[in-house]
Amino acid sequence: MSELKSGSNLEKVLKAGHFAFTGECGPPKGANVEHLKEKCSHLKGYVDAVNVTDNQTAVVRMSSMAASAIMVTEGVEPNYQMVCRDRNRLAMMGDVIGAYSLGIRNMLCLSGDHQKFGNHPESKNVFDIDSIQLIAMVKKMRDEGVFLNGEELDVAPKMFIGAASNPFADPFEFRVHRLATKIDAGADFIQTQCIYNMDKFRKFMKMAVDMGLTEKCYILAGVTPMKSVGMGKYMAKRVPGMDVPDEVIKRIADAGKGNYAKEGIKFACEQIEEFKEMEGVAGVHLMAIEWEERVPEISKAAGVLPRPVMD
């Protein structure tokens, strides 16, 4: 915990020029602390930081701040996610300060999935500010040491600020400009939506490089190993903004039943190898959704070990 207090390990890894490798862990649907510890134990030592989701897909789970604080005590660096759906700016600023006081040094600023997609569709959303305004607010608190109204903080929360980018949503040509807006607002690093359409992502990255965005911000490419043909078809048809080419699903299907997961991991590792060489890509964000136990295997197969140990 003392190491975390000195700053973000993820920030140090990126600034030192290492290829970053982050993971993800969804908090439990309840107060099962031991289950959370067991899940994050599979990530310890294999990634530079672990995203802790904030009621993802608008389904109620343990708070991302509490789960992040537990990870800190387990020696795992969290990337604390905050969505705009559930809080106004008062609660958000209070939570940013609270998270920092608990040893949390990274945060990802997100809009959040609409509540109609979750398990409490009748709930009211907030969206007092959007994700870009949230980025700017955290930057103001960190760099200027003041709240949104200009009042001074006694101790500024020195967060390493992250944002998300979906290179595949329509209109495609607009995506890089939205990325630029988030970087201008104050994002230090970007994690993308999970990538399957490599051709389209190459075009996206070329635009980002040509615009000079990769000189201002670290971009981590999102990778989600496909567990099955059913998972691929579901994401292709049911997940908004997702681009899953037919040939990728066919590749998994051709591997034969019983080999879907193996082929999915193989494809993910091939992607990571390409991302290591792709101009402008500073690392990979591995989203092994409810598959944390396979992260050590994927990390080894992808050749990203050992992870750098930063002072």
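The number of residues in segment 47-68 being of a type in the set (Val, Ile, Thr) and crowded, with 20+ Cβ neighbours inside 10 Å comes to 4.
Within segment 234-246, is there a residue that is closer than 17 Å to ILE289 by Cβ, hydroxyl-bearing (Ser, Thr, Tyr) and at pLDDT 95 or above? No: zero hits.
For segment 199-208, state whether one or more residues are out of contact with any helix residue (DSSP H, G or I) (no Cβ under 7 Å at 6 or more places or on another chain), more than 24 Å from ILE289 (Cα to Cα) and crowded, with 17+ Cβ neighbours inside 10 Å. Yes, the conditions are met somewhere in segment 199-208.
Looking at (1) touching a residue at least 24 places away in the same chain (Cβ under 8 Å); (2) buried (at least 17 other Cβ atoms within 10 Å of the Cβ), find the lone condition where ILE249 falls short. Against the list (1) touching a residue at least 24 places away in the same chain (Cβ under 8 Å); (2) buried (at least 17 other Cβ atoms within 10 Å of the Cβ), ILE249 comes up short only on (1).
Note on segment 276-311: among residues that are among the small types (Gly, Ala, Ser) and within 21 Å of LEU14 (Cα to Cα), the one that is farthest from the chain's Cα centre (by Cα) is GLY303. Just one of the listed residues (TYR100, TYR80) is in contact with a Leu (Cβ under 9 Å, 6 or more places away or on another chain) and of a type in the set (Phe, Trp, Tyr), and it is TYR80.
Within segment 62-114, the set of residues being of a type in the set (D, E, K, R) and at pLDDT below 95 comprises ASP113 only.
Annotation: of all residues in segment 61-100 being over 18 Å from the mean Cα position of the chain (by Cα) and basic (Lys, Arg), the one that is farthest from PRO157 (Cα to Cα) is ARG87.
Of the strands (runs of 3 or more DSSP E) lying entirely inside segment 1-92, those containing at least 3 residues that are touching a helix residue (DSSP H, G or I) at 6+ places or on another chain (Cβ under 8 Å) and aliphatic (A, V, I, L, M) are 49-52.
The values are calculated or read from the model by the stated rules, or taken from the named source; none is laboratory data. The structure presented is a predicted model; accordingly, all values stated were derived computationally and were not measured. Here Cβ is always computed from backbone atoms with ideal geometry, including for glycine, and neighbour counts include all displayed protein chains.
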